[in-house]
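Note sheet for the following structure.
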Amino acid sequence: MPPEPLFDLQQLDQSRVLVDKAGIEDVNPQRFEMQQLDAVVHIDPALHLIIGYKDIDADEFWVRGHMPDYPLMPGVIMCEAAAQLMGYYCKTHGLLDGSMIVFSGMEGVKFRGQVKVGDRFIIMTRAMKVHRRQVTCAAQGYVGDKMVFQADIIGMPYTPRADG
């Protein structure tokens, strides 16, 4: 049985974009094929909750090779999308120091459904444990009102050294 939703999707206005792809790029380092967020549509700092989405197009890098003739979004990409959303929130709300927030682990991962070309993959994360060196967020992914993914995503601050 899936956990309770982090947010009531019936209350979500997906047309009210708070941060678009360009705004996400201003904070997150991922580019090109690895950028897995299109928009942020809800932020609740009191709950450390953020909701965003990725619209799945036929030109996604994985479509050609992941289940040919029936392309499915790989679970690892669902996890990456959640980590990017968590990283965006942590960086913009000062939960962790560092020039970027990196994906450092995950626990309790379950895939409960499919994400296909033409779907809107809605992602929500909520910071549950905040420490100066690490944040753990509950993450959920939806297509429509069906939960297709859940996990606890762990992030940590990182600043690359000048000497590599």
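Observations on the model:
- Within the range 85-96, the set of residues being assigned to a loop (DSSP other than H, G, I, E, B) and farther than 10 Å from Tyr158 by Cβ comprises His93, Gly94, Leu95.
- Exclusive hit being without any contact (Cβ under 8 Å) to a residue 24 or more places away in the chain and of a type in the set (Gly, Ala, Ser), set Gly105, Gly65: Gly65
- Of all the listed residues (Glu33, Glu80, Glu60), the sole one being at negative phi, under 14 Å from the mean Cα position of the chain (by Cα), outside any strand (DSSP E or B) and surrounded by fewer than 20 Cβ atoms within 10 Å (Cβ to Cβ) is Glu80.
- Near pairs, Cβ below 7 angstrom, 6+ apart or cross-chain, from the range 5-27 (within 12 Å of Asp38 (Cα to Cα)) to any residue that is of a type in the set (Asp, Glu): Lys21/Asp38
- Failed condition for Lys21, given (1) exposed (fewer than 11 other Cβ atoms within 10 Å of the Cβ); (2) basic (Lys, Arg); (3) touching an Asp or Glu at 6+ places or on another chain (Cβ under 8 Å): (1)
- So Ala46, is it aliphatic (A, V, I, L, M), out of contact with any Gly (no Cβ under 6 Å at 6 or more places or on another chain) and under 29 Å from Thr159 (Cα atoms): yes
- Residue within the range 54-74 that is of a type in the set (Gly, Ala, Ser) and in contact with a strand residue (DSSP E or B) (Cβ under 7 Å, 6 or more places away or on another chain) present: no
- Taking the criterion of being under 13 Å from Leu95 (Cβ atoms) and not aliphatic (A, V, I, L, M), the residues of the range 41-55 that qualify are Pro45, His48.
- Yes/no for Gln10 being over 12 Å from the mean Cα position of the chain (by Cα), assigned to a helix (DSSP H, G or I) and farther than 26 Å from Pro157 by Cβ: yes
Since every read-out is calculated from the coordinates, none of them should be taken as a lab result. Quick caveat, the model's predicted, so the values are computed rather than measured. With ideal geometry, Cβ positions are generated from the backbone for all residues, glycine too; neighbour counts draw on all protein chains shown.
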